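Trainee: Have a look at the structure that comes next, please.
The values are calculated or read from the model by the stated rules, or taken from the named source; none is laboratory data. Being a predicted model, the structure only gives us computed values, none of them experimental. Ideal geometry is used to build each Cβ from the backbone, glycine not excepted, and the neighbour counts take in all protein chains shown. Each accessible area value is taken on the protein alone, full model and side chains, heavy atoms only, with ligands, DNA and RNA left out. Shrake-Rupley method; radii C 1.70, N 1.55, O 1.52, S 1.80 Å.
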Amino acid sequence: MTKALCLSGGGARGSFQMGAIKCLYTRFGFRPDLIVGTSVGAVNGVKLAEGKALALTGPPDTHLVAMQELESQWWGTICRDQFFLMRPEFSLLKGMLLDSGPARRQDLSKELGFGSIIAPFSGLAGSILLQIGSQVLNDLLRNLQTLNSLCVLDPIEKRLRDRDSLNLLKVANGTPLFLATVSLETGALRYVTGAGLFVERDGTTPVASALDASRLNLPAFSGNAVDLAAAQDALSDYRAKQATIAALKEESVTSSTTANRRVSIRDEFLDLVPKAETALRRLRAAIRNHPGVTAGVSVVDGVIASAAIPGVFAGKKLGTENYVDGGVREVIPVELAVSRGADEIVAISCSSNSFPDVESFDRAGVLGCLARALVDTSLSEISANDLKPPGLAEGSLIVIAPTFDVHGSVDVIPSLFEIDMHYGFMRAGDVLQRGLSDEARADAFTLSNALARLRLDLFNEETLNRACT
């Protein structure tokens with residue numbers, strides 16, 4: 001039997017996931033043979049991948065050690081600056097976008113996925129016009145047009161590159177790991193493995209646009225010099241044209257570029273793109289029958305790319321393309337686990353993926369409505385489809401998810417993390433406890449919901465009282 005652990009995205013709501021993971025590992029003795037993660041699920045998953053089967057390592061239980069170290073990292077995250085940083089170019093917006101008042105948190109806790117980050121823009125335009133001058137506004141708008149994100153995940157990246165926090169050698173030799181990420185250029189869903197390979201959605205085919213000339217050699221092509229030469233020529237042609245396209249793009253957004261030059265750039269761009277696409281197709285054809293050819297990238301870069309909510313957090317360039325949050329295409333990454341033969345799959349969702357029965361959008365604002373319709377609703381549908389991949393055997397998938405969200409995707413508050421982690425632990429127990437009747441399981445859900453809501457209400461009440469004194 002192959003056990004897979006599939007970890008969804010959800011930003012700071014990964015605290016719920018952490019609690020559920022702890023319950024899986026400590027109460028039910030779950031030890032995955034495969035881990036697939038996206039977004040914060042990639043951040044959690046890469047640490048868990050340090051674990052290796054006890055039969056291969058002997059005591060101590062490295063799965064359990066990795067889980068305990070991951071839990072310690074969550075407990076040690078006490079402020080937002082340990083999670084992400086606002087770009088200095090957008091520091092003016094920090095107070096408007098990242099207000100963490102208790103009333104604001106109550107609003108955010110109702111929202112799904114990326115909506116809790118996008119929603120603050122609802123009243124942003126008026127606030128900016130009232131608070132800043134025209135020149136500053138012009139600079140802000142220019143930065144919004146030329147920079148790809150408001151924030152960076154530098155604190156998480158720094159932690160991942162610290163060997164005391166993450167042992168990449170253990171990851172490479174531990175539990176097989178796949179991290180979902182999406183190309184901004186092509187929209188393709190791809191995976192970075194724990195061994196640093198970069199593969200297409202099928203989990204095997206190397207990503208041609210990320211190939212490096214050093215990996216194109218005779219052994220990789222099983223001595224086939226003709227295909228090797230064809231691949232080398234196609235890669236060189238593709239890389240040269242792609243570099244020119246990138247340089248043209250950079251020039252086009254430079255303020256000193258004249259209108260006439262921008263017209264020329266557009267024409268050059270339209271001429272080059274089809275030629276680069278042809279070179280890439282030739283490269284794919286040359287390597288198609290050679291499984292020894294691999295594309296390699298940094299595992300840490302893969303984690304950051306997977307966690308980079310587009311427009312909010314800076315992604316990563318892997319090969320020649322820019323990559324962002326895998327949740328754009330796959331919120332709960334179950335598909336790959338099924339395709340790789342997993343027959344016992346536990347998927348942990350960080351967010352409720354459902355809408356409240358009673359709510360009002362009468363005065364939500366234009367951007368608030370757009371966030372709900374184009375982001376929240378879309379992500380809810382994606383999540384539902386993620387849980388029904390082709391080939392999924394009946395009864396092989398167990399889903400652990402909250403009924404409601406304790407906090408928002410950007411709320412980094414230790415007390416809320418504690419409530420959410422305990423909620424995740426209880427919910428995992430609700431789902432996995434064997435022998436319960438449907439009525440008893442429903443009662444367990446009701447009880448864990450009531451306990452988490454009570455603690456959240458008490459926290460908000462205490463915070464409001466403190467703010468008023």
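Trainee: Find the all-direction average of the projected area of the Cα convex hull for the range 396-469, expressing the result in square nanometres with one decimal place. Walk me through the numbers on the way to the answer.
Mentor: On the way: hull surface 23.2 nm².
Mean shadow area of the hull around the Cα atoms is 5.8 nm².
Trainee: What is the gain in length, in nm to one decimal, between residue 261 and residue 233 on full extension, counting 0.36 nm per residue of separation less the C-alpha to C-alpha distance? All intermediate terms of the calculation are to be shown ahead of the outcome.
Mentor: Details: separation 28, 0.36 × 28 = 10.08 nm, distance 3.11 nm.
Result: 7.0 nm gained on full extension.
Trainee: Keeping all protein chains in place and using 1.4 angstrom, which order do 46, 226 fall into by accessible surface area, from largest down?
Mentor: Details: 46 0, 226 110 Å².
The most accessible residue leads, giving 226, 46.
Trainee: Follow-up. May I ask you to derive the FRET efficiency for residue 396 and residue 139 from their Cβ-Cβ distance with R0 = 41 Å, giving the value to the nearest 0.05? Don't jump to the answer; show the numbers that get you there.
Mentor: Details: r = 54 Å, r/R0 = 1.31.
The formula returns an efficiency of 0.15 here.
Trainee: Let me ask you something else. At what distance in angstrom do the alpha carbon centres of the range 302-336 and the range 1-27 lie from each other?
Mentor: 19 Å
Trainee: In the chain, carbon and sulfur make up what percent of the accessible area (probe 1.4 Å)? List each step's numbers first, then the result.
Mentor: Values: 11910 of 21540 Å².
That share works out to 55 percent.
Trainee: Before I look further, what does the chain give for accessible area per residue, probe 1.4 Å, in whole square angstrom?
Mentor: On the way: 21540 Å² over 469 residues.
Using a 1.4 Å probe on heavy atoms only, each residue of the chain averages 46 Å².
Trainee: For the residue pair residue 441 and residue 252, what label-to-label distance in nm results when each label sits 7 Å from Cα along the Cα-to-beta-carbon direction?
Mentor: The modelled label-to-label distance comes out at 5.3 nm.
Trainee: Which distance in Å, rounded to a whole number, links the C-alpha centroids of the range 171-189 and the range 443-469?
Mentor: Going from one Cα centre to the other spans 37 Å.
Trainee: Kindly flag which residue pairs out of 3/52; 52/317; 3/388; 275/316; 158/249 have an alpha-carbon separation exceeding 20 Å in this structure. Before the final figure, lay out the partial values.
Mentor: On the way: 3/52 13 Å; 52/317 30 Å; 3/388 18 Å; 275/316 25 Å; 158/249 29 Å.
Distance filter (> 20 Å) returns 52/317; 275/316; 158/249.
Trainee: What does the extension gain come out to for residue 200 and residue 240, with contour length at 0.36 nm per residue minus their alpha carbon separation?
Mentor: Details: separation 40, 0.36 × 40 = 14.40 nm, distance 2.27 nm.
Stretched out fully, the residue 200 to residue 240 stretch lengthens by 12.1 nm.
Trainee: While we're looking at this one, here's another question. Using Cα-Cα distances under 8 Å and only pairs 6 or more residues apart, what relative contact order does the range 262-326 have, in percent? Display every interim value, and only then the final one.
Mentor: Numbers: 44 pairs, mean separation 13.1, N = 65.
Computed over the range 262-326, the figure is 20 percent.
Trainee: Rank 6, 369 by accessible area, highest first, at a 1.4 Å probe radius? Mind showing how you got there, number by number?
Mentor: Details: 6 0, 369 60 Å².
My answer, sorted largest first, is 369, 6.
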